[in-house]
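Okay, structure first, notes after.
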Amino acid sequence: MGRTAGHAARDSTWQRDVPANAARRAAFAPIRSLVGVLLGVGLFLLITPVITQAVVMLGWALTSSLTPFGDYYRSALRYERPIGMLRANLGLAALIPISAGLMLLIHRAAPTWPISVQAKIRWRYALACLAVASVVLGGVAAVALVAAPGAGLRVR
């Protein structure tokens, strides 16, 4: 059975997108994978608290400096303030550069592989998601402001 031109085109595309020795590296790198997982979890546990603390501190400094920081921080941890959700999401977003860096340093592959299956950042899709997320987050913030205690809106 001979190969058709379509098969050759698909094979060459696949070979261009996947590093040439990726399968060989994966077969002989169980220790490298374990080190990558341990470093990823360790970096996440180290970096996330710093990011979340900084976000809450910035929110406190900009909005409620009259409230003691401890009370503000506890209410943010209980998601009683919008900054609490921002804190959690930015902490999770820290995993993106961590995974890209580990992909480059530990696995010696392009850091774009954990970002997209096409081995490149799909900017149009990312910007569309950012636009939708901005509208939704703005709507949630508007509802939170309107429904805030003392705003005149009463839910029965």
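The values are calculated or read from the model by the stated rules, or taken from the named source; none is laboratory data. What you see is a predicted model; the values in this text were computed from it and never measured. Methodologically, a virtual Cβ is constructed for each residue, glycine included, from the backbone with ideal geometry; neighbour enumeration extends over all protein chains shown.
Here are some notes:
- Looking across segment 69-103 at every residue that is touching a helix residue (DSSP H, G or I) at 6+ places or on another chain (Cβ under 8 Å) and assigned to a loop (DSSP other than H, G, I, E, B), the one that is surrounded by the most Cβ atoms within 10 Å (Cβ to Cβ) is identified as ARG81.
- Checking ASN89 against (1) modelled with pLDDT under 90; (2) within 22 Å of LEU39 (Cα to Cα); (3) of a type outside the set (Gly, Ala, Ser), the condition it does not meet: (1)
- A count restricted to segment 50-68 and to residues that are touching a helix residue (DSSP H, G or I) at 6+ places or on another chain (Cβ under 8 Å) and not polar (S, T, N, Q) stands at 6.
- When the criteria are applied in full, ALA144 meets the requirement of being over 28 Å from LEU43 (Cα atoms), touching a residue at least 40 places away in the same chain (Cβ under 8 Å) and more than 15 Å from the chain's Cα centre (by Cα).
- Residues in segment 104-124 that are among the hydroxyl-bearing types (Ser, Thr, Tyr) and surrounded by 13 or more Cβ atoms within 10 Å (Cβ to Cβ): THR112 alone.
- Here is the figure for segment 47-66: residues that are outside any helix (DSSP H, G or I) and surrounded by fewer than 13 Cβ atoms within 10 Å (Cβ to Cβ) total 2.
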